[in-house]
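Engineer: Below you will find the structure I want to go over with you.
What follows is calculated from the coordinates using simple rules that are stated; it is not laboratory data. Predicted model, so just to flag it, every value in this text is computed and none were measured. Reconstructed Cβ throughout: ideal geometry from the backbone, glycine too, with neighbour counts over all protein chains shown.
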Amino acid sequence: MSSAEVHKQITAEEIAHTFEEEAPKGADLSGYAFEDWLALAIFWVMALAVFLQFFTRYVLNNSLAWTEEIATNCLIVVVFLGSVWCVRRSRHIQVDVLYHYLPDGVARVLSTLVDLIRILFFAYACWLLWRYVAIVAQERMVTVNLPRSVVFYSVFAAFVLMLLRAIQVAWANWRRGYSILERPGAFDNVGE
């Protein structure tokens, strides 16, 4: 014996109200820094150069040679500025499985050591780039009569920003008492 289901009649207006959502309050752009906006602007310059290359090559059948070099150099700058974002958000590739098996004190010391090594690496990379830029400062781009040092100085600036962000992250980790290596779950959806 089965019992019949009783359904209450619902009007179309009641159904429509079930799909109402609270209006979004606007985009939260507070998680983005200056270098993020600069990388976005350079990305769009690169996209425009690639589109111009495609259009002139396949539509006009008369390719502009300089667009490829500009796009390549823009890509270099975007990659290194994007790396600044990764340092700031601690999103570079890392192996944290070891920290699950270490005692808290040992994990804290090891995490602090990782922060210090990262800072030393970026400081050394800045020094090397500064020396390299001094050597090649007079080189010109092949198809555009611009100095290549514009790109090299941009990469150097990105490494300086990575160094500063690494110091900032290390300081925040020290004040907080743990890092993303020790407690990766605490950083899920932070600043996203």
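Engineer: At 25 °C and 0.890 mPa s, grab the translational diffusion coefficient of the chain from Stokes-Einstein with a Kirkwood Rh over Cα pairs, rounded to a whole number in µm² per second.
Structural biologist: 116 µm²/s
Engineer: I want to verify a result. In a Gaussian network model of the chain, Cα cutoff 10 Å, which of these has the top mean-square fluctuation: GLU13, GLU68, GLU182?
Structural biologist: GLU13
Engineer: Evaluate the distance, in nm, between pseudo-label points positioned 7 Å from the Cα of HIS17 and of SER30 along their respective Cα→Cβ axes.
Structural biologist: Output for this residue pair reads 3.4 nm.
Engineer: Next up: If you build the Cα gyration tensor of segment 34-146 and take the root of 5 times each eigenvalue, what three semi-axes come out, in whole angstrom, biggest first?
Structural biologist: 40, 19, 10
Engineer: Quick one: among THR72, THR18, THR56, which has the greatest mean-square fluctuation in a GNM of the chain with alpha-carbon springs under 10 angstrom?
Structural biologist: Most flexible of the set in this elastic network: THR18.
Engineer: Under a crude label model (7 Å from the Cα following the beta-carbon direction), how far is ALA65 from ALA123 in nanometres?
Structural biologist: Going by the 7 Å Cα→Cβ label model, 4.5 nm.
Engineer: Right, here's the next one. Note down the nm distance, to one decimal, between modelled labels 7 Å out along Cα→Cβ at GLU139 and at LEU40.
Structural biologist: 3.2 nm
Engineer: Right, here's the next one. Express the C-alpha Rg of segment 100-192 as a ratio against the empirical globular expectation 2.2 N^0.38 Å, rounded to two decimals.
Structural biologist: Against the compact-globule rule of thumb, the ratio is 1.49.
Engineer: Rounded to the nearest Å, what's the spacing between the alpha carbon centres of segment 124-168 and segment 70-108? Just the number, please.
Structural biologist: 20 Å
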